[in-house]
Every structure is written in structure tokens, then in C-alpha cells.
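A.B. asks: After the C-alpha cells below, expect a handful of questions from me.
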Amino acid sequence: MTIDMRRRLLSLTLCLQLLFCAGAYAQSSDDCEIILNQAAEEVAAGHFLGVDSLLADCLKGGFTREQRQRAYLLLTQVYLLLDNAEKAEESYLELLRANPEFVTDPSRDPIDVVYLSKKFTSTPIFSLLGRFGCNVSFATELRGFSLSGVPLGTRHVLLTGCTVAVGTNYNINDNISIGTELPYAYTTYRKEQSGLWNTDDVIIQDRLGWFNLPVTVIYNFKTGKVVPYAYGGAAINYLFSSKANPALNDRFTSGGGSVTPSESPIVKYDYKRNTWNWSLVAGGGIRHKWDLHYVFADVRYTLGMKNVMDYSGVVNDYSKQGAQLIGSSEPTWRYASADDFFKLNHLYFTIGYMHQLYNPRKLKTARTQSVLRSILRGKHDN
């Protein structure tokens, strides 16, 4: 037998093995469905002993997630009928591990199973999330400055930035959560000023890099497939980068109404920016259920509460060596770019994914009052 024939034979053998394994798995899943139906028939006929043994092999690995849920629900019912409370609780806990979002229904499930279910919860204590999207910045002038000493006409133009964040929510209950994140945000805006020395225009685009730390209280209006939510809180804002390239349209020097444009290379403005800022945060959005987790769309507005401009950076901009200017101040004088006192507000549009860290567990205090009221109401009606 040649080497080539051996390789072909080996490949054929591997393919046959894979087909056999796939068929065996499918057969195993089908066989377990038959066994599960047999177990349900035994319970319906009042034969409770031996049901756990009948299901044992499939519970070790043959069931799908949906079949495991049905099997453990059946075992919970059997153990309750056999007055084995410990085994019933173990089975119901395994049911929640198979499907953390399972909820009993009094119109479908035995009342003793409904009563037992109120002793357990699988509400996630923590949720992990990631988001990305875009933003726009709104500059609010607190006090304007002009090198000519004459107030200028100022217009702020909205530009699009980007943001990405990771975070976590601590879920107090089904409706209220505490959220915190670590977002990176690149924000930018353009300031256009006219009337400098009556004829000139100044244009500056500021590019800022932020790390933020918001803490918010989140209210989820409902639970289910679609969950609207709203939140509010505050954030610490760390400004680690500010760059700009001022441009001057000089009409006075050129004369005759023509324009002599000049633009600075991109320079760092960190020296005249406050590094630490803080803001108020408000927002909301909609989560849509995806399997056991969520995708979401979110809108957030942050209201800057502190002047972004650090005036000491401008005062210290001058070199005391004659008329010479240090490098950082050159854009201010060569391109007539005087910064204002201002605050920044931001509007964020993001989409993201939330991973629920489900934690099926027994409650310290059971929520059985509603079930007891239903039982008593039923007896009264009869």
C-alpha cells in the first residue's frame, strides 16, 4: 500500500468516525426525549418511585438545555409528592441553572411547585457590559476673551467624536441597579470667531481625550424581552489630552478685501486645561433580550460643572526674557487665538451588549405571601 493510499484511508476513517459521533449524539438526544416523555407518563399515572433513576443517565449529559429544564421541573414535582423537601429544592435549583429565567405559572404548574419557586431567585447580582458609539460636544462660554479688546462674534460648530466603554451594574432588585463604567471619549468641537480687529476671523478646532468614571442609579421599567430604562448620576472626568490647530484669516494685512490664511500645526493645549472636571449624567435607552443576555441602544447627556479652561496656564504662558515667547504661547499670538472660560456638555449615542451573571440561589426570606393569598382565595371561592 502506497503512502498516498494510506493517507486517503486515514482521512476516510476520520470522516466516518465524525459522522458516527454526530449520529450517536443525535440518537442520544432523541433517546433522552423518549425517556423524558416516559418519565412524564409515569408521573401522570401516579408512579413516582424510580423516576429519578429513569432520568439519571440523560441528566449526566444527554439532555439539551431545554430538556434539562423540563426534567428538573418534573423531578421537583416528584420529590414534593414524595415529601422529600431537600431533593425538591436541589432539583429546582438545577432547573434554574438550566434556565435562569424560568418562572412558574400557577395556571400551568402545580401550586406546591409555585410555592417552592418563591424561595429561590436567579436575578443576576452583577451584569457586565460594553458599549461604543459617537458623541457631540456643546461648548458653553462663561467669559470671552479677545486680543483686540473688542468682543467677537463667536459660533461653536458641532463635530462628531467617538467613545468606547466597559462597565458593570450591581442589581439591587429587578428594577433598580447601580451602574459604573470606565469610558474613553474622544470629543471635538470647532470655534469660529469673527470681528477680530474688525476684519479678521479666527478658527480653532479643539480635540480632547477623556477618561470618565460615572456612577448612576438605573431604573428598569419592566423585565422581559424589551426593557426600557432610565438613569441619572454624576461622573468624574479626567482630561488627559487637548490638541488644537488655530487658523487666522488675515484681511487687514493683505488689504483690498483679500484673505491671507495661516494655520498653526497641531499643538498641545494641556497646559491651559483643567485636568480634573466633573459632570452630571442623565440618560436612558432600551435593552432587547438576546438569548439569556441583552443588546441595547443608549442615549446619554453629561452636563459639565467646571470651567475647562485653566487660566493660570495662560498667565504663565509668557517668557520673562524680553519679548521672546515660549513655544506653547506662540499659537496664541501668531494666530490670535485667545481661549475663553467655558464648560463642555456632551451628548452620547451608543450601542452595546450586556452579559448577565446569573446566580441561581435560595432566598434568605421566601416570597410566598402571594401564593398563600391565592390558595386562601381559592378555598374561599369554593
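Every read-out reported here was derived from the displayed coordinates using simple, explicitly stated rules and does not represent laboratory data. Values in this document were obtained by computation on a predicted structure and should not be read as measured data. Please note: Cβ atoms are built from the backbone with ideal geometry, for glycine as well, and neighbour counts cover all protein chains shown.
A.B. asks: Order by neighbour count: 229, 311, fewest other Cβ atoms within 10 Å first, most last.
C.D. replies: Values: 229 19, 311 14.
With the fewest neighbours first, 229, 311 line up as 311, 229.
A.B. asks: To continue, here is another question. Could you give each residue of segment 96-109 its phi-based ³J(HN,Hα) in whole Hz, using Karplus coefficients 6.51, -1.76, 1.60 with θ = phi - 60°, and x for Gly or Pro?
C.D. replies: After applying 6.51 cos²θ - 1.76 cosθ + 1.60, I find 5, 5, 6, 9, x, 9, 5, 10, 5, 10, x, 7, 10, 9 Hz.
A.B. asks: While we're here: Provide 155, 300, 273 in ascending order of the number of other Cβ atoms located within 10 Å of each residue's Cβ, fewest first. Walk me through the numbers before you get to the answer.
C.D. replies: Details: 155 11, 300 24, 273 20.
With the fewest neighbours first, 155, 300, 273 line up as 155, 273, 300.
A.B. asks: For the modelled label position 7 Å from the Cα of residue 178 along Cα-to-Cβ, which residues of segment 210-226 have backbone nitrogen atoms closer than 12 Å?
C.D. replies: The answer is 215-218.
A.B. asks: Give me the number: length gained by fully extending residue 81 to residue 125, i.e. 0.36 nm times residue separation minus the C-alpha to C-alpha distance, one decimal in nm.
C.D. replies: Numbers: separation 44, 0.36 × 44 = 15.84 nm, distance 3.23 nm.
Here the segment from residue 81 to residue 125 would lengthen by 12.6 nm.
A.B. asks: Let me ask something else. Of the cross-linked pairs 222/362; 87/225; 60/362; 222/343, which ones have a Cα-Cα span greater than 28 Å in the structure shown? Can you show the working numbers first?
C.D. replies: Working: 222/362 23 Å; 87/225 32 Å; 60/362 23 Å; 222/343 36 Å.
The pairs that break the limit, which is 28 Å between Cα atoms, are 87/225; 222/343.
A.B. asks: Rounded to whole Hz and in sequence order, give me ³J(HN,Hα) for segment 356-362 from the Karplus expression 6.51 cos²θ - 1.76 cosθ + 1.60, θ = phi - 60°, writing x for Gly and Pro.
C.D. replies: Ordered by residue, 3J(HN,Hα) equals 7, 8, 5, 9, x, 7, 8 Hz.
A.B. asks: Can you put 278, 210 in order, fewest other beta carbons within 10 Å first?
C.D. replies: The most exposed by this proxy come first: 278, 210.
A.B. asks: I've got another one for you. In nm, give the distance between the simple-model label positions of residue 268 and residue 30, each being 7 Å from the Cα along the Cα-to-Cβ direction.
C.D. replies: Label-label distance for residue 268 and residue 30, simple model: 7.0 nm.
A.B. asks: In a shell of Cβ-Cβ distance under 10 Å around residue 72, excluding residue 72 itself, what net charge do Lys and Arg (+1) and Asp and Glu (-1) give? Provide the component values of the computation, followed by the final result.
C.D. replies: Numbers: positive: 68, 70, 97; negative: 90, 94.
Summing Lys/Arg as +1 and Asp/Glu as -1 gives +1.
A.B. asks: Can you tell me how much longer the chain between residue 111 and residue 301 gets when fully stretched, taken as 0.36 nm per residue apart minus their C-alpha distance, in nm with one decimal?
C.D. replies: Details: separation 190, 0.36 × 190 = 68.40 nm, distance 4.74 nm.
Between residue 111 and residue 301, full extension yields an extra 63.7 nm.
A.B. asks: Here's something else I'd like to know. Between beta-carbons, use under 12 Å as the cut-off and find the net charge around residue 51, counting Lys and Arg +1, Asp and Glu -1.
C.D. replies: Numbers: positive: 87; negative: 41, 42, 52.
Taking every Cβ under 12 Å from that of residue 51, the sum is -2.
A.B. asks: What does the charge count near residue 226 come to, summing +1 for each Lys or Arg and -1 for each Asp or Glu among other residues with Cβ under 9 Å from its Cβ? Let's see the in-between values first.
C.D. replies: On the way: positive: 222, 225, 287, 289; negative: none.
Once positives and negatives cancel, what remains is +4.
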